[in-house]
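Below: one structure, written as structure tokens.
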Amino acid sequence: MKRYVTILVLVIVSTFVIHAWLVGIGLFPTGASTQSVIIDQLFHVHIWIISFLFSLIMVTLIYSVVIFRRKKGETGEGAHLTGNSTLEIAWTGIPLMAVLVLAFVGATTLGEIRAIDPSALQVRVNAGQWFWQYQYPEYGVTSTELYLPVSKQVNLQMTSVDVIHSFWVPEFRVKQDLVPGQTTELRVTPSLIGVYKVRCAELCGLRHAYMEGLVYVVSQTDFDNWILKQQSAAPPSPELRGQQLASQYGCTNCHSIDGSAMNGPTWLRLAGSNVELTDGSTVVADDDYLRTSIISPNTQVVMGFQANVMPDFSTVLDQTMVESLIAYIKTLK
Ligand code: CUA
């Protein structure tokens, strides 16, 4: 009996020490959404359980190794034990209850995280290799940086133009995949003004590690001002805008502007040239050809290149963006 009490005391002490250590090393970044509060509460329950189970196993193990080790001169066998129904019922029943309780708490938390606020700000998110794009349909604004007003739920309706990407702002705690051909939803209520980073959390190709973007959580006034600025900003010349778009949307990851060979045809001296297609015909690279190639890339595939490589940009680029890109391509002589 005295041994059990000793082990119990050691387990309790160890649990508190391990827990304090795990909390002390700062496992989590700052929480910056209302969802992060309940998610962190759930994590802290798990940290207590982890600390206890680790202590229970390690204390019992080390205690047994030290106390029951073979003493000098001992040669006999240890006691042979078989069957202990009480113990077997306990080690089946207790974990079963633990799993059921955690499942219930987990499901309740998930319900709270996904709670719908009907007045949520609507944002469409498009991702591709390798960019993030945000459209604010209520305001007619498109941006490659995400601006969010603090303390207001945002409903992110997300899709991908090519492969699976994943939207993850660690400070918000929530994470959701963007799947080509599907629209997924993520709701989050930012609670702390600041600048954060969205990171892609799904391996999506060579530049996956660099698929980051800035997320600004600002006051409602600053958000309104930002929207106004976007709506009234004087547009740069189409050629300049096209150049910016080409790098923002990853065009130049596949189309060189210096004539070098990449996954897609080079843009150098493309406009106005004769282009040979995979079906054997030859077309002139006029505006119509360039437009079709951007929004419906599999219609006319250039000889020496493959179909279904370039993503469909028709939902990402609006008409003026496409015209700007064409204007830019025409400057590459
Ligand atoms: Cu997109 Cu990883």
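The values are calculated or read from the model by the stated rules, or taken from the named source; none is laboratory data. Values in this document were obtained by computation on a predicted structure and should not be read as measured data. Heads up, the Cβs are rebuilt from the backbone with ideal geometry, glycines too, and the neighbour counts pull from every protein chain shown. Accessible surface areas use protein heavy atoms only, side chains included; no ligands, DNA or RNA. Shrake-Rupley method; radii C 1.70, N 1.55, O 1.52, S 1.80 Å.
Centre-to-centre separation between the Cα atoms of segment 129-166 and those of segment 261-290: 32 Å. Counting only alpha carbon atoms, the long axis of helix 85-113 and the longest principal axis of the chain meet at about 30°.
Between the C-alpha center of segment 296-333 and that of segment 224-239 there is a gap of 24 Å. For the Cα trace of segment 238-331, dividing Rg by the Kirkwood Rh returns an Rg/Rh value of 0.92.
Adding -39500 (n - 2.57) for every DSSP H run of four residues or longer, then dividing by how many residues the chain holds, sets the calculated 222 nm ellipticity at -13500 deg cm²/dmol. Between ASP279 and THR252, the modelled label-to-label distance comes to 3.3 nm, taking each label 7 Å out from Cα in the direction of the beta carbon. Over the C-alpha atoms of the chain, the Rg to Rh ratio, Rh being the Kirkwood estimate, stands at 1.19. Rolled with a 1.4 Å probe across the full set of protein chains, the surface gives TYR147 an accessible area near 40 Å². Counting only the Cα atoms, segment 121-232 fills a convex hull of 89 Å³ per residue. Summing +1 for each Lys or Arg and -1 for each Asp or Glu, what net charge is found among the other residues whose Cβ lies under 10 Å from the Cβ of PRO238? Result for the local shell: 0. Taken over segment 32-98, the percentage of Cα pairs per 10 Å bin, counting from 0 up to the bin with the maximum distance, is 14, 26, 29, 17, 9, 4, 1. Of the trypsin sites (Lys or Arg not before Pro) in segment 237-310, the ones in a loop by DSSP (not H, G, I, E or B) with at most 13 other beta carbons within 10 Å are ARG269.
Relative to the first principal axis of the alpha-carbon coordinates of the chain, what is the inclination of helix 34-67, with its axis defined by its Cα atoms, in degrees from 0 to 90 and to the nearest 10? Orientation of helix 34-67: about 40 degrees from the principal axis. Axis of helix 238-248 versus longest Cα principal axis of the chain: the two differ by about 20°, to the nearest ten degrees. Per q in 0.10, 0.17, 0.18 Å⁻¹, report the Debye log10 I(q)/I(0) for segment 62-188, using one uniform scatterer on each alpha carbon and no solvent. For the requested q values the scattering log ratios are -0.56, -0.98, -1.05. Here the extension length gained between ALA261 and SER64 equals 64.2 nm, from 0.36 nm per residue of separation less the Cα-Cα distance. Here LEU228 and THR86 are evaluated by their C-beta separation; at R0 = 56 Å the FRET efficiency comes out at 0.20.
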